[in-house]
Every structure is written in C-alpha cells, then in structure tokens.
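What follows is a set of notes on a single structure, which appears directly below.
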Amino acid sequence: MYNYEKINTKKPANVESRHAYLLGGGIGSLAAAAFLIRDGHMPGENIHIFEQLDRVGGSMDGAGEWKEGYTARGGREIEAHFECFSELYSFIPSIKDPNVTVLDEFHQLNIDEPILSNCRIVENQGIPADFSSLGLSKEDAMVLAKLAMTTEEALGETTIEEFFSPDFLETNFWYFWETMFAFEPWHSVVEVKRYMERFMHLIGGMNRLEGILHTEYNQFDSLILPLIKWLEEREVNFHYGCVVTDIDFDFKGDEKTATCIYYENNGTQRKQEVGKEDLVMFTNGSMTENTTRGSLHETAVINHSENKGCFSVWEKLSKKSKDFGHPEKFCSDIDKTKWMSFTITLKDDEIVFPYLEKLTKNPTGMNGLVTIKDSSWLMSWVVPKHPHFINQPDNIHVLWAYALRMDVEGDYVKKTYSECTGQEMFEELLYHMGLKDQIPEILKTTINVIPAMMPYITAQFMPRLAGDRPHVIPQGSQNFAFLGQFAEVEHDCVFTVEYSIRTAMMAVYGLLDLEKKVEPVYPAWYDIRVLINAAKTCLGLEKIPVGQLTLNQLLQKSELSQFLK
C-alpha cells in the first residue's frame, strides 16, 4: 500500500451501537479487536472475545515458572515484509517502555542482535556439515522453476513427494526448507510454491537464516501481552472458559447473516443473540487444538478425541453452506498432521550452553535453527535469546527443540519420537550434539523437559483445492467472517503470524466497508532483482554481483531459456 492510501478511516454509521463477537482468542481475534477500535471506531466495550482456555494468545504461547520448567509449543518465523504484522504493532506500545511501540522495540532489537547462522547443519554427533550452498543441480533448479510457473489450479492436490524426486529431497535446500517450515513429503506442493514465491527475496541468505527476525522474549511475552494490555485499557471484554459449539445463520438467497452463537461456560449451555448490524468473526481451525504435554518422565500422549474444538464447529458450519469450506481436508488424518516440540529448562548449566556457543561459533547465541542432518528423527534445536521468559532468572537457561519424523526409532534412544519421555528426547538430542558422554552430568542440572504433542500443527499444509479453505468473508456474508490459518488469502503463506493478522484486517475492513485498503502481500516474485538473485543462488552463481550478470547471461548459464521454450 502506498503512503497516499494510509488514511484515517471515517467512522462507520451506528458503530457505537454495534457489537463484535470474536470466537477464539488467538492472534487473529486479538488483531481484529485492535483494528475494530483503531480503524473501525468501535468502542472497546462493544467487543467480545470468547476463548475456551483461561488465557488468550492461541499458538503464540509461552508459559511456566522455572521451578516446574518452561514450555513453548513453538515460535512463528517473522521477516521484514510482514506488512500487516508491522501495521498492527506500529500502534501497540511496548510493555518495557510505553514511549515506544512494539515495532520500534522489535526493529531495534534485530539491528542490535541479528540472527546469523554460522552452523545451520550438523552431523556425526556434533560435527558442522557444509551448508555453504543450497546443493541444487541444474535439474533441481529447473524443477523449482517449473513449480514457480505452474498454476495452483494445475497443481491441484499434488504432494511434495509426487512433485519432487527423492534426490531433490536430500539436498541442502530441502533440509533448510522442511525444517524451517515443518513440511512433510505428503503435504501440498502448492504451499511450497506459495512459500517459495512469498519469501523469494530471502533465498539468497537462507543457508544463514539472513532476514529472519526474532523477538526479545517468547512470542507470548513479547507480542501477545502488550496487545492484551492495550485491549484491556480500552475495555474489550475477554470471556474465558467459553467453548463455542455452533453458529446459526439466516440464509436468504445468496445472503448469509449470523444470528446466534451457542457456547458452553462452566458446564452451562448458553447462547448469544446477534443483531443484523453486529459482527461475528470465527477462527475456524487451530494448529494447536487438543495439545497434550508430557514431562521429564512422562510422554505426551496424543489426543484422538472426536471433539476437535473449533474444527468440530467448522464441520457443523460446512454443512450449512458450500461457501464455508471443507474442514475434512485438513483435520481427518492426525498421523499426517501431528508434530511435537519440547522445551528444556536447565539450572546452573556449565556444559550445554557453553558447548553450543563454541559449536555454532556464535557467542551471542543468536545462531537460529540448527538441524541434525543424520538424525533418524530429523531433529533441530534453537537457542533463543536469553532470557526467553520475562520471569526467567539469569542462572536458568531454556533450549527448544523438535523433530519431524514422529514414528521412526531413534539413533541413541531405541524408541520412536512419539513414544519418548522428555528426558529420552533430551538424551537423543545430546547424543547428536556430541555430548553423549556428559549426559548423566547434564541431567543433574535439568529441571524439566516438557514435550508438547500437537495433533493438528501442520493441518494447514494438507493437500487441498480451491474452495476447501473458505474466503475470509464468504460469498454473500452480511456480518460474518473467518479468521486464521484455515481461511483463504491469495498469495500469502499459512503457518505465519502475518497470515492470521492479514485475515483480521480483511475481515474488519470488509465487513465495516472501510475505505482503507488492506496492506498487500509483498510481491517479491515480480521484482526482477529478486528473481535474478534467487536464480543465482539456486544455480550456485551467487558470487557473481547482480550488476555483472544480465538476465540473458543468466538464462544462458542456467539453460533456463531452453526450459522456457
């Protein structure tokens, strides 16, 4: 969006008497509430957020005390062209210093302490592997070019393993890609295409994680808490322990109007009538729905319950209108959507963190993600900025890790990842780090290791067709919108904070018919400089300056001209 279009909105008619009901307490609803207030001029007291848990924030979590151990299910990657994210946090004050915004604080942090990987891949028990290039052949690069030029409609429900060869899936490029974004071979290649186009400007530095941004603390403390505080100061209503069970609609021809919300609170069935001018925004799927946690000596047992929370509500809605999508495409095969991370809390550690600083050659610790290439589980770890939690003492350290191959036997611990306790996961990780002989000593300083099993964490990557994800504002909707990772946003990428915030802007601006435009997705794939740089990197020509390599020369070197013909 050009600065010319960054206008102050006019107040919609009767907005003081209208109410908004936001179903689900994730970043989508929180962002929608903020935009309803700032751009929609709706009084905060007219906004109601319904959340089934005792806290909001959704998948952007981080919790615990050091004595019991901290837990964070994961952190979403952020980069400089998350335009809706930046817009939201440009007006939310920092908790640490209310004279600056969260965006100001975030921007300065990443100038002062940027992520720069000196050790992206290890193998053979803690030996850094070569990660200097993407390891792509010309044939591999041509396949990526083919993916970029094939339409989503033509790709349909094609999976990653159907589109790419087994050799391609052993390249550095794919190790980087699958571990950064949690792609599995059976996931949709359409989502890979979207990621490749959306983040094409980052491909040149992907091996060193250049351009990936981080927060001061975990994302709940750094991003959710300031937003909650801002909303509470404006008297937004937070209704905890409310489990939404259904939504009624009035269907007249093509028009759809939400009329009533059904929910349970403290074991009591309740309903909320919705006026014609009121708004309803529903988060129709949660990546972290039905999460279960383990501990040092307990496994995180997967939840196979038929009650799938907001997915179950979406299943009911999908039967009421063809415009409400097809949830069964995403939440019907837990074995293909599950994933597990674990958070390690150490006290007075003098072994692990000094060793990792030496291994990664990064004394600041801001090396970012490290992947163990020869791990049967395909494990990765992250050393977050210290402290990772606002209430974390200086002598307490936190390490976060995960694995992608859930049901394969480990190399040190002879169990599958899914079957392991927190301690067993940590032992497998230490083995691959090169700390096998010091495991007993390290366990003496281990307070807890908390696994988090998430049955639907990669559900948004499952193969799909147009219409399987409903539009943010369905065709003919008068007062209803979908929010979050399972609503359709053209060109943008799921599994990002940006995607959820973008759906919030689209819902608020569209339902209130505001004259202000939603920030467009950064169109990296239309910038010839980005295209040339990405092609150079994929073809191993990155040492040649852009100014010394014309497009014609690139086409000749890569034989791409023959491919285009």
In the list [x] 148; [y] 204; [z] 157, the entry giving volume of the Cα convex hull per residue in Å³ computed from the coordinates is [z]
Long-range amide H partners of residue 339, meaning residues 5 or more apart or on another chain whose placed amide H is closer than 5 Å, are 454, 457
In terms of the charge dipole of the chain, which places +1 on Lys and Arg and -1 on Asp and Glu at the beta carbon, the residue among 435, 202, 421 farthest towards the positive end is 202
Ranking 356, 343, 311 by how far each Cα lies towards the positive end of the charge dipole of the stretch 304-364 (+1 on Lys and Arg Cβ, -1 on Asp and Glu Cβ), the top one is 311
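On a 30 Å Cα-Cα criterion, which of the cross-link pairs 193/536; 11/329; 193/229; 138/373 come out too long?
In this structure, 11/329; 193/229 exceed 30 Å between Cα atoms.
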Whole-Å distance linking the alpha carbon centroid of the stretch 385-432 with that of the stretch 448-491 is 28 Å
Once phi for every residue in the stretch 84-101 is put through the Karplus expression 6.51 cos²θ - 1.76 cosθ + 1.60 (θ = phi - 60°), the whole-Hz ³J(HN,Hα) values, with Gly and Pro written as x, are 6, 4, 5, 4, 4, 7, 6, 10, 9, x, 5, 6, 5, 9, x, 7, 10, 8
Partner aspartates and glutamates whose C-alpha sits under 16 Å from that of residue 256, ignoring same-chain residues fewer than 8 away, are 246, 248, 273, 277, 278, 323
Counting only protein heavy atoms and leaving out ligands, DNA and RNA, the solvent-accessible surface of residue 230 at a 1.4 Å probe, in Å² to the nearest 10, equals 20 Å²
Interchain or sequence-distant (5+) residues whose placed amide H lies within less than 5 Å of the amide H of residue 284 are 483, 486
Only helices counted: for the chain, with every DSSP H run of 4 or more residues adding -39500 (n - 2.57) and the sum spread over all residues, [θ] at 222 nm is -8000 deg cm²/dmol
In order over the stretch 262-267: 3J(HN,Hα) from phi, Karplus 6.51/-1.76/1.60, θ = phi - 60°, whole Hz, x for each Gly or Pro, gives 10, 7, 10, 9, 6, x
Residue-normalised value, i.e. accessible area per residue, for the chain at 1.4 Å probe, in Å², stands at 41 Å²
Out of 258, 377, 118 - ranked by how far each Cα lies towards the positive end of the dipole of the chain, with unit charges on the beta-carbon of charged residues - the top one is 258
Contour minus Cα-Cα span, residue 328 to residue 151, at 0.36 nm per residue, comes to 61.3 nm
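The values are calculated or read from the model by the stated rules, or taken from the named source; none is laboratory data. All figures in this text were calculated on a predicted structure; none of them were measured in a lab. Cβ atoms come from the backbone with ideal geometry, glycine included; neighbour counts cover every protein chain shown. Just the protein is used for accessible areas: all its heavy atoms, side chains included, with ligands, DNA and RNA removed. Shrake-Rupley method; radii C 1.70, N 1.55, O 1.52, S 1.80 Å.
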